[in-house]
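**Student:** Pasting in a structure now, in structure tokens, and then I'll have a few things to ask.
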Amino acid sequence: MPKLSAYRKKRRFAKTPEPRGKVRKRGGPPHFVVQKHDASRLHYDFRLEIDGVLKSWAVPKGPSLNPEDRRLAVRTEDHPLEYGGFEGVIPRGEYGGGTVLVWDRGTFEPLGGNPAAAVERGHLKFRLEGGKLRGLFALSRMGEGNRNWLLVKLRDAQARKRGDLTKSRPESVKSGHTPAQVARSRNRWHSRPKSRRPGHA
Ligand code: MN
């Protein structure tokens with residue numbers, strides 16, 4: 001059973017609006033989410049619901065629909081399922097401080113057996129049904145260690161040789177907001193009642 005101790009250890013929930021969450025098995029097709037995270041370095045957090053958590057990779061350049069693009073995907077700590085709905089601003093000075101936007105989400109279908117075992121083996125194939133990302137993709141571990149993986153689009157009818165979705169579709173699929181609009185929500189969060197302010201939670 002996966003644990004969220006690494007996720008929780010990195011965060012101070014009195015100071016960040018991110019959910020504490022818990023490991024939670026759900027029925028129905030598993031979800032995926034891609035969150036654009038404008039932290040000290042911009043990246044896209046690619047997350048797949050497996051075994052009651054969101055298995056996570058940070059993709060600096062974001063996903064591509066072009067099978068010729070091999071996108072570095074750095075494995076990060078498992079996140080709670082609740083995180084998939086999170087959009088907002090992590091305060092400066094906190095872990096991952098910056099704006100988080102739900103760039104894409106939907107369901108995914110693991111191909112070739114148990115997805116948790118596939119992640120352990122270091123190679124996972126799956127089909128995405130999202131608002132922006134569709135079709136077959138693969139995540140493959142590179143070399144030793146568990147850190148560096150590649151995210152690639154596989155050839156199918158949804159593959160595209162041209163265009164860059166991160167540029168043509170920058171908006172949130174949750175709110176329709178641009179990163180700048182999400183960043184402005186910071187002020188709303190800070191103007192909530194005292195009990196929600198850092199140090200008073
Ligand atoms: Mn991130």
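The values are calculated or read from the model by the stated rules, or taken from the named source; none is laboratory data. Treat the numbers as computed from the prediction; the structure is a model and nothing was measured. All Cβ positions, glycine included, derive from the backbone under ideal geometry; neighbour counts span all protein chains shown.
**Student:** Tell me, please, whether a residue that is within 16 Å of the ligand (Cβ to nearest atom) and farther than 24 Å from P115 by Cα can be found in segment 64-79. Let's see the steps before the verdict.
**Tutor:** Keep residues of segment 64-79 that are within 16 Å of the ligand (Cβ to nearest atom), which gives 71-79.
From what is left, the residues that are farther than 24 Å from P115 by Cα are none.
Taking every residue of segment 64-79 in turn, none turns out to be within 16 Å of the ligand (Cβ to nearest atom) and farther than 24 Å from P115 by Cα.
**Student:** Could you list, in sequence order, the residues of segment 52-92 that are over 26 Å from Q158 (Cβ atoms) and over 14 Å from the mean Cα position of the chain (by Cα)?
**Tutor:** G52, V89, I90, P91, R92
**Student:** Moving on to the next point. Quick one: would you say R105 is modelled with pLDDT of 95 or more, touching a helix residue (DSSP H, G or I) at 6+ places or on another chain (Cβ under 8 Å) and basic (K, R)? Steps first, please.
**Tutor:** Numbers: modelled with pLDDT of 95 or more: yes; touching a helix residue (DSSP H, G or I) at 6+ places or on another chain (Cβ under 8 Å): yes; basic (K, R): yes.
Yes, satisfied.
**Student:** While we're looking at this one, here's another question. Kindly provide the set of residues from segment 120-146 that are within 19 Å of H79 (Cβ to Cβ) and either in contact with a helix residue (DSSP H, G or I) (Cβ under 6 Å, 6 or more places away or on another chain) or at pLDDT below 95 (or both), ordered by number.
**Tutor:** If the condition is that a residue be within 19 Å of H79 (Cβ to Cβ) and either in contact with a helix residue (DSSP H, G or I) (Cβ under 6 Å, 6 or more places away or on another chain) or at pLDDT below 95 (or both), then E120, L124, N146 are the ones that fit.
**Student:** For segment 44-56, name all the residues that are surrounded by fewer than 22 Cβ atoms within 10 Å (Cβ to Cβ) and within 14 Å of the ligand (Cβ to nearest atom).
**Tutor:** S56
**Student:** Search segment 38-80 for residues being among the aliphatic types (A, V, I, L, M) and assigned to a loop (DSSP other than H, G, I, E, B), and hand back the single one that is modelled with the lowest pLDDT.
**Tutor:** The initial filter retains those residues of segment 38-80 that are among the aliphatic types (A, V, I, L, M), namely 39, 42, 48, 50, 53-54, 58-59, 65, 72-74.
From the residues that got through so far, the ones that are assigned to a loop (DSSP other than H, G, I, E, B) too are 39, 65.
On the way: A39: 92, L65: 97.
Here the residue is A39.
**Student:** Cβ-Cβ distance below 6 Å, separation of 6 or more or different chains: which pairs start in segment 33-45 with a residue that is over 15 Å from K167 (Cβ atoms) and end on one that is near the ligand (Cβ under 7 Å from one of its atoms) and of a type in the set (D, E)?
**Tutor:** Short answer, once both residue conditions are applied: Q35/D45; H37/D45.
**Student:** Looking only at residues that are within 16 Å of the ligand (Cβ to nearest atom) and of a type in the set (K, R) in segment 25-43, which one is nearest to K153 (Cα to Cα)?
**Tutor:** Quick first cut of segment 25-43, residues within 16 Å of the ligand (Cβ to nearest atom) only: 32-43.
Filter again for of a type in the set (K, R), leaving 36, 41.
Values: K36: 19, R41: 23 Å.
Among them, the one singled out is K36.
**Student:** Okay, next question. Any residue at all in segment 97-109 that is farther than 27 Å from P67 by Cα, without any contact (Cβ under 8 Å) to a residue 60 or more places away in the chain, within 16 Å of the ligand (Cβ to nearest atom) and not acidic (D, E)?
**Tutor:** Filtering segment 97-109 for residues farther than 27 Å from P67 by Cα gives 97-99.
Then drop every residue that is not without any contact (Cβ under 8 Å) to a residue 60 or more places away in the chain, which leaves 97.
From the residues that got through so far, the ones that are within 16 Å of the ligand (Cβ to nearest atom) too are 97.
Applying the additional criterion that residues be not acidic (D, E) yields 97.
Scanning segment 97-109, I find at least one residue that is farther than 27 Å from P67 by Cα, without any contact (Cβ under 8 Å) to a residue 60 or more places away in the chain, within 16 Å of the ligand (Cβ to nearest atom) and not acidic (D, E), so the answer is yes.
**Student:** Quick check on my filter: what residues within segment 132-158 are in a loop (DSSP other than H, G, I, E, B) and either of a type in the set (S, T, Y) or buried (at least 17 other Cβ atoms within 10 Å of the Cβ) (or both)?
**Tutor:** The initial filter retains those residues of segment 132-158 that are in a loop (DSSP other than H, G, I, E, B), namely 132-133, 142-147, 154-158.
K132, L133, listed by residue number.
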